[in-house]
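Written out below as C-alpha cells is the structure these notes cover.
Derivation of every value follows stated rules applied to the coordinates shown; laboratory data play no part. These figures come from a predicted structure and were not determined experimentally. Quick reminder, even Gly has a Cβ in these numbers, built from the backbone with ideal geometry, and neighbours come from all protein chains shown.
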C-alpha cells in the first residue's frame, strides 16, 4: 500500500508542527492573561497597603470571583469606606484572597479596616477583617 503524496512529503510534518506551535502559543497566552487578571489586584493592593490612608469600612456585599489559590478563595468586596479625616464616605470594590478559616468573618455589615489612595478612591485594600478600627498614632 502506498502513502498519499502529502503524507510521504515533508509538507504534512510542517503542517503538524505549525498547528502544534499555534495551539501552544494560544494556550500560553490564555494562561498568561488568566494569571495577569488574577494577580494584578494583589500588586495594586500591596502598593495601597504600604502608602494608603487607614480608614474603617463596612462590608456591603461579598462575591466569590471563582478563582482560588491553595484552596483559599478570591473574594470581591463592596465596601462603605468612612475616612477618619472628615472626608465624605464612599463605596469601593476590591478583591482579596481569604483563608478558609476567615470565611465566617466576611458577612455584609461586618467591620474591616482598609487603606485607600486619597487621590483615587477606587484603589482600596483590606488591611484587617473583623478587627475594630484603631486610628494610627501621631
Counted residues, the range 87-102 - those being part of a strand (DSSP E or B), farther than 11 Å from residue 116 by Cβ and under 14 Å from the mean Cα position of the chain (by Cα): 4
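Residue by residue, here is whether (1) under 17 Å from residue 45 (Cα atoms); (2) touching a strand residue (DSSP E or B) at 6+ places or on another chain (Cβ under 6 Å) holds:
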| position | (1), (2) |
| --- | --- |
| 74 | yes, yes |
| 83 | no, yes |
| 92 | yes, yes |
| 96 | yes, yes |
| 117 | yes, yes |
| 120 | yes, no |
Scan the range 63-87 for residues that are buried (at least 16 other Cβ atoms within 10 Å of the Cβ) and in contact (Cβ under 8 Å) with a residue 40 or more places away in the chain and report the count. 3
